[in-house]
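Heads up: the structure comes next, in structure tokens.
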Amino acid sequence: MKMQATEVRKKMIVVRMNNTEFEQVEKLRKQSTERNISSYVRKISLNKPVTIKYRNQSADDFLNQMLELKKELNAIGNNFNQAVHKLHLLDKIPEFRLWIQHYDALHQSFISKTEQINFKVNELYEQWLLK
């Protein structure tokens, strides 16, 4: 099976634009999947299809809220972790030993759930980044 050689682009068209016009074209290009302005303008001028990115604003808002929640949960988890470590210093006192055992399991559960949320938010963020 022979591969077709792509034709080298030798011809150039120069289009002069003011800053406002260029910014408008660049804004439109950024909304598409084209990586550079040259390929975007070429497709548009040849009336070829250009794939436009579609973003769901409610999903973007949800993602931003989840990212904030993730930060807050990480901060709470860090504070909880520090408190449990300090309490481990007091495990010589019998009442504290029982309390530590009880809350150590709660701490592990909290960390596990926080990691699950963290993973899901990162997964969603990666999906939206690629769109």
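Details
- The listed residues are Leu46, Leu63, and the only one of them that is in contact (Cβ under 8 Å) with a residue 24 or more places away in the chain and either within 24 Å of Leu124 (Cβ to Cβ) or not basic (Lys, Arg) (or both) turns out to be Leu63.
- Any chance Ile76 is farther than 30 Å from Ile111 by Cα and either basic (Lys, Arg) or over 17 Å from the mean Cα position of the chain (by Cα) (or both): no
- Only one entry of Tyr54, Tyr103, Tyr40 meets the criterion of being of a type in the set (Phe, Trp, Tyr) and in contact with a strand residue (DSSP E or B) (Cβ under 7 Å, 6 or more places away or on another chain), and that entry is Tyr40.
- Near pairs, Cβ below 7 angstrom, 6+ apart or cross-chain, from the range 12-40 (under 15 Å from Lys53 (Cα atoms)) to any residue that is acidic (Asp, Glu) and surrounded by 12 or more Cβ atoms within 10 Å (Cβ to Cβ): Tyr40/Glu34
Throughout, read-outs are computed from the coordinates displayed, never taken from laboratory work. All of these numbers come straight from a predicted model, not from anything done at the bench. Neighbour counts run over all protein chains shown; Cβ positions are idealised from the backbone, glycine included.
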